[in-house]
Amino acid sequence: DSGVTQTPKHLITATGQRVTLRCSPRSGDLSVYWYQQSLDQGLQFLIQYYNGEERAKGNILERFSAQQFPDLHSELNLSSLELGDSALYFCASSVAYRGTGNTIYFGEGSWLTVV
Amino acid sequence: ILNVEQSPQSLHVQEGDSTNFTCSFPSSNFYALHWYRWETAKSPEALFVMTLNGDEKKKGRISATLNTKEGYSYLYIKGSQPEDSATYLCASLGGSQGNLIFGKGTKLSVKP
């Protein structure tokens, strides 16, 4: 158990809909990352928050947004969903912002299926 | 743009075989190299975080080496067991951002 909790584990929704994925980082971790794992793709970095502030942005679509709350949990909002958004979405956390020598711990992921 | 490449894409070995995989990454602006072990339906499990050129780390039968000057890392598994079957991911931390850039992984299957 990595200590990173993600909900829901599985989600099926229709095109055009909006969903929210939730992540609770490991106790004491201030940094939260979101990654997307699509078929035949490696883990693609979406966005990072550190202590409530956005710190880095990757290949995140404009239809997607995220935030980190004062209690450090994070939510990833996906709207106007398309079939191509079907993927496994991972949340990860670490103590520090850069994580140079720090381990980054991953949750089990949220499987999103858009039909 | 950071590109992390892993080879081979997949590997099938017999129980007891020793094996190794390669991770290559841009050597410029290097900060750290992470290895993960990922079984389906589980969270990727952190194996090693390596930062220094020449670094070698070991965890049981698994070890890793790092060459930051030429931009590669090797992961070795000695005496593979069926429970080692998983996808092994490497990720490089580089540039001004604090996020990891992942390779596509090496999928290892160990037959009993």
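Read-outs throughout are calculated quantities, based only on the coordinates presented, and are distinct from any laboratory measurement. None of the values given here were measured: they were computed from a predicted structure. Here Cβ is always computed from backbone atoms with ideal geometry, including for glycine, and neighbour counts include all displayed protein chains.
Miscellaneous remarks
- Count - residues of the range B:40-75 that are closer than 13 Å to residue B:88 by Cα and within 14 Å of the chain's Cα centre (by Cα): 11
- Those strands (runs of 3 or more DSSP E) of the range A:1-104 in which 3 or more residues are closer than 28 Å to residue B:106 by Cα and within 14 Å of another protein chain (Cβ to nearest Cβ) occupy A:5-7, A:31-37, A:43-50, A:87-94.
- Matching residues, the range B:38-52, being surrounded by 13 or more Cβ atoms within 10 Å (Cβ to Cβ) and either closer than 18 Å to residue B:23 by Cβ or of a type in the set (Ser, Thr, Tyr) (or both): B:38, B:43, B:44, B:45, B:46, B:47, B:48, B:49, B:50, B:51
- Scanning the range B:57-112 for residues that are away from every other protein chain (no Cβ under 14 Å) and among the hydroxyl-bearing types (Ser, Thr, Tyr) yields B:63, B:65, B:72, B:73, B:74, B:76, B:80, B:85, B:109.
- Matching residues, the range A:45-100, being at negative phi and among the polar types (S, T, N, Q): A:48, A:59, A:65, A:67, A:68, A:74, A:77, A:79, A:86, A:93, A:94, A:100
- Positions within the range A:79-115 being closer than 15 Å to residue A:47 by Cα and among the charged types (D, E, K, R), in sequence order: A:98
- Yes/no for residue A:86 being under 14 Å from residue A:18 (Cα atoms), surrounded by fewer than 16 Cβ atoms within 10 Å (Cβ to Cβ) and out of contact with any helix residue (DSSP H, G or I) (no Cβ under 7 Å at 6 or more places or on another chain): no
- Applying the criterion of at least 3 residues that are more than 20 Å from residue A:107 (Cα to Cα) to the strands (runs of 3 or more DSSP E) found wholly in the range B:42-111 leaves B:56-59, B:62-67, B:72-77, B:106-111.
- Flag for residue A:18 being in contact (Cβ under 8 Å) with a residue 40 or more places away in the chain and in contact with a Gly (Cβ under 9 Å, 6 or more places away or on another chain): no
- Close pairs from the range B:61-78: first over 15 Å from residue B:7 (Cα atoms), partner buried (at least 20 other Cβ atoms within 10 Å of the Cβ) and not aliphatic (A, V, I, L, M), Cβ under 6 Å, at least 6 apart: B:66/B:73
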